[in-house]
Structure formats: C-alpha cells, structure tokens
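No value in this document is a laboratory result; all are computed from the given coordinates. Model, not experiment: these values are computed from the prediction.
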Amino acid sequence: MANFNTHLFVASAASAGVALVAVNAHLIVATDILWFVFLGTVGGMLPDIDSDNSRPVKLLFNVLALMCAGGVLQVLKDSYLPYQLLLFAVGTYLLVRYAVFALFNSFTVHRGVFHSLLAAVFFAFLMTCISYYFLHTGVLLAWLNGIFIAVGFIVHLLLDEIYSVDLSNTRMKKSFGTALKLFSYNDIPASVLMTLCTLAIYRITPSPKPLNAVLKGTNWHQYFKGEIFEIIAKYIGY
Ligand SMILES: [Zn+2]
C-alpha cells in the first residue's frame, strides 16, 4: 500500500486537477480551488480510517472528540460552574478520543468495507448532506463538496491497488484486489449495513437537479480531446 505522504500528495494533486477542470467548466470559481483541494485531500485520507493506528483515524477522532467537547460546553454552559464545565468537556474529549475510538477499532478491520467504492459513495452523500444541512450551502455546492470527497477517496483506492502490483517482478502482491473493490466481499453483514446506511443517507440528500442541469450544459468533448492538459498547463503557468 502507498504510505500516508504519498496518499496526501496524490489526492491533493488529483483534486487540484479536477478543480481546474471544474473552474474551466464554470462549475466553481478560481478562489474555491483551495477548498476543493482540501476536500479531495480529506477524501484521500478516509479509506484508511479503519486502520487501527493510521494517522488519519487518530486525527479524525481528535477532531471528533474536540467537536463533542465543544458541543457539551455549548449545551451546558448556562447550567454549571466553570470548573464543572471544564470537567465535563475533558471527560467528553477522553471518552470519544479513547473509548469510542477503541470501540470503533474493535468493530472494523483494515481494508474492510471502509476501503471500497460503496464507502466512497456513502461519504460523498454524507458530505453533501453535511454541506446542505449544516454548512447551509446551496444544492449545487453541496453536491460538488460530496463529489470532491469521492474523487480523493477513489484516487486513494486506485493508488493502493497500483501499489499492489510489484512492477519490478511483474507479479501481483498478496494484497492485489483488496484495495479497489465494490464492497467488502469477506464481510457481507458489514457490506449490507453500509449499503443500508448509504441508501438511508441518499434519501435525505437534496435533489441533484441543479448539478445535472449544469453538467448537461457543459461541453465535455473538449476535455476528451486532450484540452484538459492545456487547461492545467495554463493554470500552472506553462
Ligand atoms: Zn488504503
């Protein structure tokens, strides 16, 4: 498998390329590129969150624990004394960061259902919903946010699969076929659960009609005629 830094670099480079195409297709404006590169990079870290000691999962649980501690402070701030609030916040942080993290680890196996195209779709829908309902973006931007998470995610799966081919000996490593898969073939209950979660979250996503309308109005032919490289070259100054 590719290491953390390789994933970080390739996910950000790939999402930058896609963001440039999106700017050119007038889907986003140039000032949004950094935001979408950030999202693509986050997407590129997500497939390894089931790896017990990976950096992304520790980072994710740190952020989650801080958000929960902040949430507890917000809810209880008028009912308790400052030192009590501090105890609650620290307790919540430790609970999420260590107890919930341990529980998550015990339920997941590395390269299980989180390392699949099904999970890419799930996280894309999840990001679309978070953007629409919590960040209060418009429908089009919400869907684009979700799509960039999926772009980074799928690039990660592809990269791991490429790394499972031993190029010098032109033979496959044992890990071949475990990185890029539709769902977890070895763990059907987990795959069924993930499918149900994906369908459930799809039901609450905003209608993708505005995105469809913009995509239909775009002249995609030019991107398949090699102009994509010209566009990227134009932005990086060549
Ligand atoms: Zn991976």
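What ³J(HN,Hα) values, in whole Hz, does the Karplus curve 6.51 cos²θ - 1.76 cosθ + 1.60 give for segment 97-109 when θ = phi - 60°, with x put for Gly and Pro?
5, 10, 6, 5, 4, 5, 5, 4, 4, 6, 8, 10, 10
Rounded, prolate or oblate: which fits segment 1-138 when a ≥ b ≥ c are the square roots of the eigenvalues of the alpha-carbon gyration tensor, with rounded for a/c under 1.5 and prolate only if a/b beats b/c?
oblate
Could you pull out every residue, at least 5 positions away or on a different chain, whose amide H is within less than 5 Å of the one on ASP187? Hs are placed 1.01 Å off N in the peptide plane, and Pro or chain starts have none.
HN-HN under 5 Å from ASP187: empty list.
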